[in-house]
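See structure below.
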Amino acid sequence: MKNLSNVDIHEFLSRCRGDRVEGRTVLHENKSYAMPYSTVKIQNKIIKGLRENEERIELIESIINKNSSSRSSYLDVGSNLGVFVRSFDHIFEEVYGVDADWYYVEQCRYLYPDLESSFTLGDLNVTRLTDIFSSSKDVVTALSMIEYIDDKQAFVGDLFSLTNELCIVEGHSESIECGADAVYDSLLRTQNWEVKKLPITTDAGYNAPEATKNIGRPLWVCKKQ
């Protein structure tokens, strides 16, 4: 995991909100702070969050390298703390993130001032993704997002419309246990792209239900021909 930011770690952690992580905390230099949602690397120090990111970043980057060739633009839908946007800014000429929570947009703009204009506020249950972004992107990721969308069919259609080459979709920690992964799989296959559900899963998350932690989150690779 590359270094993401060089901001003051104490200042960053003081900006983190406990209500976004169910009150969980993290210690840094013997001081307690609200835990970040995502694991981040600041000043070359790993700050643990609810979601593991080191293996996820490596996995997603390997999928991108294997399944796409264009490197003009990348979009992360539900960008949270912008970990993937920052992690892939060395791969793509332009990187973008959109999130429904202004708190996360502000955090990203604080962490990555050189990418301030890359992060957009957008509630996808109010505004269509294709209304927020007028141009398509070479690679799109929507990681643990689809379960929060009311009109999932329209959302999948928008992902297809905005994708030039590759879209990577991750399900939720309970997707496989409750059978939602089959629903998402069917929805993704309604579009004219090649869909592959990977045999591996990503981590369920520190705060995931105990029964799902050994199952993990499903992952799909959707590739345009």
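The numbers here are math on the coordinates, done by the rules we state, and not lab data. Note that the structure is predicted; figures quoted are calculated from it, not measured. Every residue, glycine as well, gets a Cβ built from its backbone with ideal geometry; the counts of neighbours run over all protein chains shown.
Using the crude model of +1 on Lys and Arg Cβ and -1 on Asp and Glu Cβ, and no other charge, please compute the dipole size for the chain relative to its Cα centre, in debye to 20.
Details: 25 positive and 35 negative charges, 82 e Å.
In debye, rounded to 20, the chain gives about 400.
Tell me, what is the FRET efficiency for Asn125 and Lys31 to the nearest 0.05, using R0 = 25 angstrom and their Cβ-Cβ distance as r? Each step should come with its number before you reach the end.
Numbers: r = 37 Å, r/R0 = 1.48.
Efficiency, from the Cβ-Cβ distance: 0.10.
Taking the Cα centre of the range 110-225 as origin, work out the dipole magnitude from +1 charges on Lys and Arg Cβ and -1 charges on Asp and Glu Cβ, in debye rounded to 20. All intermediate terms of the calculation are to be shown ahead of the outcome.
Values: 10 positive and 18 negative charges, 86 e Å.
The dipole of the range 110-225 has a size of about 420 debye.
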(message) Rounded, prolate or oblate, given the Cα gyration tensor of the range 54-223, with a/c below 1.5 counting as rounded?
(response) rounded
(request) Take the Cα of Lys152, step 7 Å along the line toward its Cβ, and report every residue of the range 182-225 whose backbone nitrogen sits under 11 Å from that point. (result) 182-188
(request) Taking a cut-off of 22 Å between Cα atoms, list the lysines near Lys31, but don't count ones fewer than 8 places away on the same chain. (result) Lys41, Lys45, Lys48
(request) Mind telling me which of Pro209, Pro113, Pro199 comes out most flexible in a GNM of the chain, alpha-carbon contacts under 10 Å? (result) Pro199
(request) Might you list the cysteines of the chain that have no disulfide-compatible partner by the rule of another cysteine's Cβ under 4.7 Å? (result) Cys16, Cys108, Cys178
(request) Find the lysine pairs in the range 93-225 meeting two conditions, Cα atoms under 23 Å apart and a separation of 8 or more places or different chains, and report how many there are. (result) 15
(request) Work from the charge dipole of the chain (Cβ charges, +1 for Lys and Arg, -1 for Asp and Glu, about the Cα centre) and give the residue of Ile149, Ala208, Tyr104 farthest towards its positive end. (result) Ala208
(request) Taking H placed 1.01 Å from N in the peptide plane, check which residues at least 5 places from Met35 or on another chain put their amide H under 5 Å from its amide H. (result) Arg24, Thr25, Val26
(message) How would Arg189, Arg56, Arg20, Arg86 line up from fewest to most surrounding beta-carbon atoms within 10 angstrom?
(response) Arg189, Arg20, Arg56, Arg86
(request) Give a residue-ordered list of calculated ³J(HN,Hα) values for the range 5-21 (Karplus: 6.51 cos²θ - 1.76 cosθ + 1.60, θ = phi - 60°; whole Hz; x for Gly, Pro). (result) 7, 10, 5, 5, 5, 4, 5, 4, 5, 5, 8, 6, 10, x, 5, 8, 10
(message) Under a crude label model (7 Å from the Cα following the beta-carbon direction), how far is Ser134 from Tyr103 in nanometres?
(response) 3.3 nm
(request) Rounded to the nearest Å, what's the spacing between the alpha carbon centres of the range 55-93 and the range 184-212? Just the number, please. (result) 18 Å
(message) Apply the Karplus curve 6.51 cos²θ - 1.76 cosθ + 1.60, θ = phi - 60°, to the phi angles in the range 44-52 and return the couplings in whole Hz, x for Gly and Pro.
(response) 6, 10, 7, 10, 5, x, 5, 10, 5
(request) Would you calculate the separation in nanometres between label points at Glu116 and Arg15, each defined as 7 Å from the Cα along the Cα-to-beta-carbon direction? (result) 1.1 nm
